[in-house]
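Worksheet: one structure, shown below.
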Amino acid sequence: MDAGNRDPDADRDPDRTDPLAADPSVAAAVAGDEAAFAQLVQRHQRELQVHCYRMTGSYAESEDLVQETFLRAWRRIDTYAGRSTFRAWLYRIATNACLDALRGRQRRLMPYDVAPPADPDGPPVDGPPHPGVDPFPDHLLAGGDDAEPGAAVVAQETIELAFLAAIQHLPPRQRAAVIMRDVLGWSARETAEQLDVSEPAVKSLLQRARPVLRRHLPAGRDEWQPDEDPDLAERVLLQRYMDAHEQDDVEALAAVLREDVRVSYPPYPMWCDNRDDFIVGSRKFAPPGEVRFVATRANRQPACAIYLRPPGADGFHPVALEVLRVEGGRIAEIVDYGDPALFEAFELPATL
């Protein structure tokens, strides 16, 4: 292949064991066996979707970009010569697909990044919607039984909404460098090859990105370590929060919230930055007895689906999904998504 027309997703790593010789399924796929290729890429589907989600902040786009990755890979399968792992080759294609999709794209920012806090006694917030970071269903974060050995573990601190919202402030190539070095744990050389830049260029990208990221992360979240599943105390806190809403118990609701709780409502430029304003606003939402909550999980965080019974209706219908961030035994942040279409992705009931 002429150097000027070289496939930008071609692999390069002469020091690795030849995957073509080590894995017959890789050799079969490269030889044009479509069934072998489909089985091979399926091993990586979940982790590549998470990668695309981190890059874009969009759950829907992450699904589309994984399919785009597989299409590009199949079209270029003859360029894979085993100089890197097949997984690394797919990551390179997925990263390029994301960079192409993000070119010239408006950043996904949260309401607190684009507007001042709302006045609960003032008029409704007036402003155009701005795309924010989507929630990601927890049931899609677990690796499948046939996941590739060495596949990235999805740690809470690298998938929670606070991290995703912070990383959207970075230009796409800086975003990719942070994900590869600080999240996936790849070496500077591997990251450079993925981005088709020099190792000093990777260092420069990270030097510019990390201070920006720290400014936008909650305090204490500048280091990301794997976390365990939620403990009993967190599940109890979520249940107390849902019960307080359903029973219209103001004191019980106040007891589970931090005084400085931040509550936002993407994609609308509306948010509040304290417990009292949130409670005042939430009591206007529905009469007591007309709302129901169902526990779920999103972004390795506690979450709940909200159902409302319209006047004259027999059942409760989806209205919003809330994702909670817990600190010190109380709820520190709530992101409220008023999009019932999310319920299908979270495998939640259509009615109660």
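At a glance:
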| quantity | calculated |
| --- | --- |
| Residue within region 197-212 that is under 29 Å from LEU40 (Cα atoms) and either modelled with pLDDT of 95 or more or in a loop (DSSP other than H, G, I, E, B) (or both) present | yes |
| Residue match in region 242-254 (condition: surrounded by 14 or more Cβ atoms within 10 Å (Cβ to Cβ), assigned to a helix (DSSP H, G or I), in contact with a strand residue (DSSP E or B) (Cβ under 7 Å, 6 or more places away or on another chain) and at pLDDT 95 or above) | yes |
| Residue in region 216-236 that is over 29 Å from VAL183 (Cα atoms) and at pLDDT 80 or above present | yes |
| Residues of region 277-321 that turn out to be touching a residue at least 40 places away in the same chain (Cβ under 8 Å), more than 16 Å from LEU352 (Cα to Cα) and surrounded by fewer than 19 Cβ atoms within 10 Å (Cβ to Cβ), as a count | 4 |
| Near pairs, Cβ below 7 angstrom, 6+ apart or cross-chain, from region 159-176 (under 23 Å from PRO200 (Cα atoms)) to any residue that is among the hydroxyl-bearing types (Ser, Thr, Tyr) | ALA176/THR95 |
| SER25 being under 18 Å from the mean Cα position of the chain (by Cα), small (Gly, Ala, Ser) and buried (at least 16 other Cβ atoms within 10 Å of the Cβ) | no |
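The values are calculated or read from the model by the stated rules, or taken from the named source; none is laboratory data. Given the structure is predicted, the values throughout are model-derived calculations rather than measurements. Using ideal geometry, Cβ is built from the backbone for each residue, glycine included, and neighbour counts are taken over all protein chains shown.
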